[in-house]
Amino acid sequence: MSGKDLEKALLWETPHIAKEAPAQLEAAHAFCEGYKKFLDAGKTERECVTEAIKMLTAAGYTEFDENVAYKAGDKVFWNNRGKALVAATFGTLSPEEGIRMNGAHIDSPRLDLKPNPLFEKGDIAYLKPHYYGGVRKYQWTTVPLAMHGTVGLKTGEMVDIVIGEDENDPVFCITDLLPHLAADQNSRKLGEGVKGEELNIIIGSIPFMSEDEEDKVKQPVKLLAMKLLNEKYGITEKDFTRAEIEMVPAYKAKDVGLDRGLIGAYGQDDRVCAYTALMADMETKMPARTTLTILADKEEIGSVGNTGLNSDFVLHIVEDICANQGNANLRKTLRNSLCLSSDVNAAYDPTWSSVYEERNSSYIHKGCVLTKYTGARGKSGSNDASAETMTKVINMMDAEGVYWQTGELGAVDVGGGGTIALLVAHMDVDVVDLGVPILSMHAPFELASKLDVYNTYKAFCAFYK
Ligand code: MN
Ligand code: MN
């Protein structure tokens, strides 16, 4: 055998999709048009749930009803408090044969408003945020911000807020120093370049002026800002204490590069897996095993709360399914189930190559990335999928011609991170991380490859098949 043949038979290199299968570009471009719309429609976990329910309802899903005996091919969803969502397609086999779970998250790093956020200083009205998730604070200044959220009124009514998304809307902004005066700030460490309490968001600059000259108010700029919010939404300052308001980048998803190979947008971690998983579940018609597409909240702050995967809500849904499907045995069901913890990984960045180990990084345009373990310092805090789980998932993808690669989250001891995988494993379910490589992860504008997005969708279709 020649050296070339031997090399082909024995060695392995992850192919670059655009080089090996350029014909996929057309399908990837087309698939990502819908993805970009999903990103624009869902900039908060609540908006993602609303948008997902619209998509699912149009595809024939109905809200799960324990009084209905579902049969194979039936499609249902569970709405967890408007902030997390689970969709399922019933399979031909009993749940005891195992179900196919796929968990993505729909919360993204952002700036949440504090409970008492509105103040005036130097004739400018500001909102005070407390950042949510892993945010590099300096990246959030001088970026147009939109306000999204929900406010509770004293009547108990909830009012949804969106300002900054319509072409004609104003936006909001955090200032930074001009270079001429930044000598002191420049000598700070980058992580402290902009501190948490320096993230003050400008919401107004014009004072309220009464027609009566004697009618002076203490903080007229703050008052006018509140008056304008009141006119639009009927809210008062006290209502902020009953609110969840998230400040997010105001721009829409865009193609990046002359060849349009990449998508740039806010919140691709992890709405890229949420969208591809939803599309795959909708595409699945008569699966052998029941599918469970999970869009979870709170992953970015440790999956806490009852809409995060530390909660038993998914376990309760599996109980719902077992009870509905001839009282299937829950423990057997969990033990035989397989889950993809669908989340993004750090794509190799040539500009910042020193934090990656080249042979074990994921790359843009090489397909979805299978991450055996995350964690830090000796795999601590990771799930570390078994060889058997890796075998099952890899063989499923290979059988359907999915482009996939492996990847670690950076070089050993450089950093690390976690996903929902260990929480799924806690239920006695086999699980491995799979998702899309991302450049500038957690930045207000993250980049992903259209080919990778498309192949992640294909991987999820193969998984549900
Ligand atoms: Mn994530
Ligand atoms: Mn993240």
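Please determine whether any residue of the stretch 295-305 is outside any loop (DSSP other than H, G, I, E, B), charged (D, E, K, R), over 23 Å from residue 34 (Cα atoms) and within 16 Å of ligand 1 (Cβ to nearest atom).
There is at least one residue in the stretch 295-305 that is outside any loop (DSSP other than H, G, I, E, B), charged (D, E, K, R), over 23 Å from residue 34 (Cα atoms) and within 16 Å of ligand 1 (Cβ to nearest atom).
Residues 278, 258: which one is in a helix (DSSP H, G or I) and either free of Cβ contacts under 8 Å to residues at least 40 places away in the same chain or more than 16 Å from ligand 2 (Cβ to nearest atom) (or both)? First the steps, then the outcome.
Working: 258 fails: in a helix (DSSP H, G or I).
Answer to the check: 278.
For the stretch 160-172, what are the residues that are closer than 19 Å to residue 226 by Cβ and surrounded by fewer than 16 Cβ atoms within 10 Å (Cβ to Cβ)?
Once the filter is applied, which keeps residues that are closer than 19 Å to residue 226 by Cβ and surrounded by fewer than 16 Cβ atoms within 10 Å (Cβ to Cβ), the stretch 160-172 yields 160, 162, 169, 170.
Listed here are the residues, each with its yes/no results for (1) modelled with pLDDT of 95 or more; (2) within 19 Å of residue 280 (Cβ to Cβ); (3) within 15 Å of ligand 1 (Cβ to nearest atom); (4) surrounded by 21 or more Cβ atoms within 10 Å (Cβ to Cβ).
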position	(1), (2), (3), (4)
416	no, no, yes, no
427	yes, no, no, no
440	yes, no, yes, no
443	yes, no, yes, no
449	yes, yes, no, yes
453	yes, yes, yes, yes
456	yes, yes, yes, yes
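Consider residue 55 carefully, then state whether it is at pLDDT below 95 and either farther than 27 Å from residue 443 by Cβ or surrounded by 12 or more Cβ atoms within 10 Å (Cβ to Cβ) (or both).
Working: at pLDDT below 95: no; either farther than 27 Å from residue 443 by Cβ or surrounded by 12 or more Cβ atoms within 10 Å (Cβ to Cβ) (or both): yes.
When the stated conditions are applied, residue 55 does not pass them.
Would you be able to tell me the number of residues in the stretch 306-352 that are part of a strand (DSSP E or B) and closer than 23 Å to residue 281 by Cα?
Residues in the stretch 306-352 being part of a strand (DSSP E or B) and closer than 23 Å to residue 281 by Cα: 6 in total.
Would you point out which residue out of 133, 82, 103, 98 is assigned by TED's automatic domain parsing to the domain that holds residue 322 and within 16 Å of ligand 2 (Cβ to nearest atom)?
103
So which residues in the stretch 75-92 are part of a loop (DSSP other than H, G, I, E, B) and surrounded by fewer than 19 Cβ atoms within 10 Å (Cβ to Cβ), if there are any at all?
81, 82, 92
Go through (1) in contact with a Gly (Cβ under 9 Å, 6 or more places away or on another chain); (2) of a type in the set (Val, Ile, Thr); (3) more than 16 Å from ligand 2 (Cβ to nearest atom) one by one and return the number of the condition residue 301 breaks.
(3)
The values are calculated or read from the model by the stated rules, or taken from the named source; none is laboratory data. Bear in mind the structure is a predicted one, so any value in this text is a computation, not a measurement. Positions of Cβ are generated from backbone atoms using ideal geometry, with glycine treated the same way; all protein chains shown enter the neighbour counts.
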